[in-house]
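The structure appears right after this line, and notes come after that.
The values are calculated or read from the model by the stated rules, or taken from the named source; none is laboratory data. A quick note: this is a predicted structure, and the numbers were derived from the prediction, not measured. Every residue, glycine among them, receives a Cβ derived from its backbone with ideal geometry; neighbour counts consider all protein chains shown. These accessible areas exclude ligands, DNA and RNA; they are computed on the full protein's heavy atoms, side chains included. Shrake-Rupley method; radii C 1.70, N 1.55, O 1.52, S 1.80 Å.
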Amino acid sequence: NELVFSDISSTFIPHPVTGKVTVLRNEEAVKRAIRNLILTDQFERQYEPLFGGNIRALLFENSDPFIEFQVKKQIETAIKNFELRVDIQEIAVESDPDTNNLKVNIFFFIENQKDPVELNINLERVR
């Protein structure tokens, strides 16, 4: 039996033929779950106060290698605690002080799949 992970698309755009909400499967569903986990701050969800990457607070700090390390560790901790379907291989964080961005590349394996998956996220400050 093949394990299938599924989730609904957060865009809520209906499928052009069926008219139903689009469903994300396997790799795309897990990538969406990780992205939502990272972009959620702790205490943002009721009844799950520790859920989230809590990255937003670090985006307003001056860019330096220590901030990159903290972001990497917080993302790694959040994924290990809340996304049990993945095995993290590497998390790379690169800051771009000119544009106030953090570029995060996460390489991981999904449970019961042999191909590696890459997820790229640009984190930026919003004023």
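Data table
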quantity	calculated
Of all accessible heavy-atom area on the chain, the percent that carbon and sulfur account for (1.4 Å)	49
Nearest 10 degrees, 0 to 90: helix 65-82 Cα axis against the chain principal axis	30
Nearest-ten-degree value, helix 27-39 long axis tilted from longest Cα axis of the chain	30
Normalised contact order of region 1-106, rounded percent, pairs of Cα under 8 Å and 6 or more residues apart	17
Summed residue charge, Cβ within 13 Å of residue 95's Cβ, Lys/Arg positive, Asp/Glu negative	-4
C-alpha center-to-center spacing [region 77-95, region 97-127] in angstrom	9
Two-decimal Rg to Rh for region 16-78 - Kirkwood Rh, Cα set	1.14
Kirkwood-type radius of the chain, with distances r between different C-alpha atoms, in Å	15.9
Kirkwood Rh, Cα atoms: Rg over Rh of region 85-127	1.13
Under 14 Å, Cβ to Cβ, from residue 63 - net charge with Lys/Arg +1 and Asp/Glu -1	-4
Cα convex hull of region 54-127 - mean projected area over all directions, nm²	5.0
